[in-house]
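Here's the structure we're looking at; comments come further down.
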Amino acid sequence: MASPSSNVDLADVVERKESEPISPTVSRFHRVEEYVSEYSQNRSAIRTCRALIRKIQQSTATDLFVGMIILTDVCLGCYTIDLSAAGKDTPSWVTDYSVFCFAIYTLELLATWFVHKSAVFRDWWFGLDAFIVLAGLLEFYIAAMGADVSSINLVRFLRIFRMVRMLKIFRKWSMLKDLWKLVKMTMACTKMLFWSFIFCFVVMTCWSMIAVELLDPLVIKLANDGAWPDCPQCSQSFKTVMDANLTFFKTIVAGDSWGLLAMPMIAAQPWTAIIFIGSLLTIVFGVLNLIVAVVVDEFAEQRQRDVRHQAQELDDNHEIDLKLLQKMFAKIDQDGSGELSLEELQNGARTNPEFCDRLRVMDIDEKDLEHLFKMLDDDGSGFITPEEFIEALSRWINESKTASRFAKYELIKGFQKQDEFQAMLTKRLDSLERQLFLRRVGCESSQFFSEQGSVLLLSSLSGFRPKSDFSINESKCRRLLYTSVYLLLIPF
């Protein structure tokens, strides 16, 4: 007899949704899980203290406080340098504030090391902070020995190096993130900038060698004739290769009085225009523009390789977009039920300008709204929840056209129905195989018991024992026993 499941219609099985279907409209990204050691899992006072310090360090108030301390320290450093250049003494309150800043830097350094432990040694910002703190300790030690700190050039240089901490303001304050991005890209392309300057210097040296060989005698002659009465340095412009490099850098790169030196020489000897104009075109329109192009290309490559920063930008933009979609959902939900029906979605597309513009960017017209509603309604309830609306539309805004999204939706739905049909078909085949097995076993059992029953009946009537050929087959009995146990354990 067929099981009840065999009477289920195939269409009903195909249309039935799974308890947790795969959503073709929402993409969930994996997040990096922080490794937690066995020691950190202990609920100890050290672990609690470390978590508290980490929370304080990551707060916005701490970033603003440390940033203001660094900014004030840099301003007072500039004030101290001005006083030192003027030969004046530094006020005592400036020194006291420097000691306070040093204490803050030391406390921040120790807190960072306590929270992150050995991982801080892989961060170059920690190395910079440690170097500044050690420089401050060296300054205090020299002052304690009774020496004049302001007269030691090394200590003065280390004090100036403290201003590098101003870069941390760009990293800590979100309002300066564009400036921090520029600083990061500049640091990443330092190697390219260095070789670009070397290349420019090589090209400039080639022109300098030509100028020393060909232009220096003419410069001396014109200087003796009084061509530059107000420029005593002009007669030494091409005396050596390095002087010629300085002259070309001053006149071509810096743009300082190119005509003052070139015009008298071109007027006296027109062929010299080849050197002056050739060097100008080669360096300005050739090398410098080439350097700009190469540096920009390097910036683009660095940004493309910086996937971590790109992911951070995507997360920030995603958070902003989620807040915008929450407000949009609240405006479209006119009855305040917390769910959107198809009528509310269509009405919102006509009355809400932000939602209308978003649909226009996604290339969704009025005819596609019903299809969009079905795609967003993952659970098939006939209503769109805020999670379904926000998570799906926040992902789709990055696509210029939604035809591929619709095709993906239909493809995934087809895969889901195919999986459901395959599961149903497997279940039906298993049921059919079980029924065929039971029928075959039943036929063999009936035949076996009828044969053995006839033999036993004849034996009892005739009074003789059956021969070995007519004895009960032990293997068949064992098989019947196993079959009975199988039927008891496996439900129909």
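I need the helices (runs of 4 or more DSSP H) fully contained in segment 10-94, keeping only those with at least 1 residues that are at pLDDT 50 or above and aliphatic (A, V, I, L, M).
Helices (runs of 4 or more DSSP H) meeting the threshold: 45-57, 60-85.
With respect to L288, is the statement that it is in contact (Cβ under 8 Å) with a residue 60 or more places away in the chain and in the same structural domain as F197 (by TED's automatic domain parsing) true?
Considered against the rule, which asks whether it is in contact (Cβ under 8 Å) with a residue 60 or more places away in the chain and in the same structural domain as F197 (by TED's automatic domain parsing), L288 comes out as yes.
Pairs under 7 Å by beta carbon, first residue touching a residue at least 24 places away in the same chain (Cβ under 8 Å) and assigned by TED's automatic domain parsing to the domain that holds I390 in segment 356-378, partner charged (D, E, K, R) and exposed (fewer than 13 other Cβ atoms within 10 Å of the Cβ), six or more apart or different chains?
So the pair list comes out as D363/K401.
Could you check segment 222-235 and list, in sequence order, the residues that are in contact (Cβ under 8 Å) with a residue 24 or more places away in the chain and either out of contact with any Ser or Thr (no Cβ under 8 Å at 6 or more places or on another chain) or in a helix (DSSP H, G or I) (or both)?
Passing the criteria: L222, A227, C231, C234.
Among D315, D335, which is the only one that is exposed (fewer than 13 other Cβ atoms within 10 Å of the Cβ) and within 30 Å of R303 (Cβ to Cβ)?
Only one candidate passes the filter, namely D315.
Would you tally the residues in segment 331-380 being of a type in the set (S, T, Y) and in a loop (DSSP other than H, G, I, E, B)?
Number satisfying all stated conditions: 2.
Can you go through W271, W258 and tell me which one is within 23 Å of L290 (Cα to Cα), in the same structural domain as S208 (by TED's automatic domain parsing) and not small (G, A, S)?
Going through W271, W258 in turn, just one is within 23 Å of L290 (Cα to Cα), in the same structural domain as S208 (by TED's automatic domain parsing) and not small (G, A, S): W258.
Quick one: how many residues across segment 292-329 are of a type in the set (G, A, S) and modelled with pLDDT of 85 or more?
Here the count works out to 1.
Given the criterion surrounded by 13 or more Cβ atoms within 10 Å (Cβ to Cβ) and modelled with pLDDT under 65, identify the matching residue among S445, S450, S431.
S445
For residues that are hydrophobic (A, V, I, L, M, F, W, C) and in contact with a Leu (Cβ under 9 Å, 6 or more places away or on another chain), scanning just segment 188-204, find the one that is surrounded by the fewest Cβ atoms within 10 Å (Cβ to Cβ).
The selected residue is F199.
The values are calculated or read from the model by the stated rules, or taken from the named source; none is laboratory data. As the structure is a computational prediction, the values presented were derived from the model and not from experiment. A quick note on method: Cβ atoms are made from the backbone with ideal geometry, for glycine too, and the neighbour counts reach across all protein chains shown.
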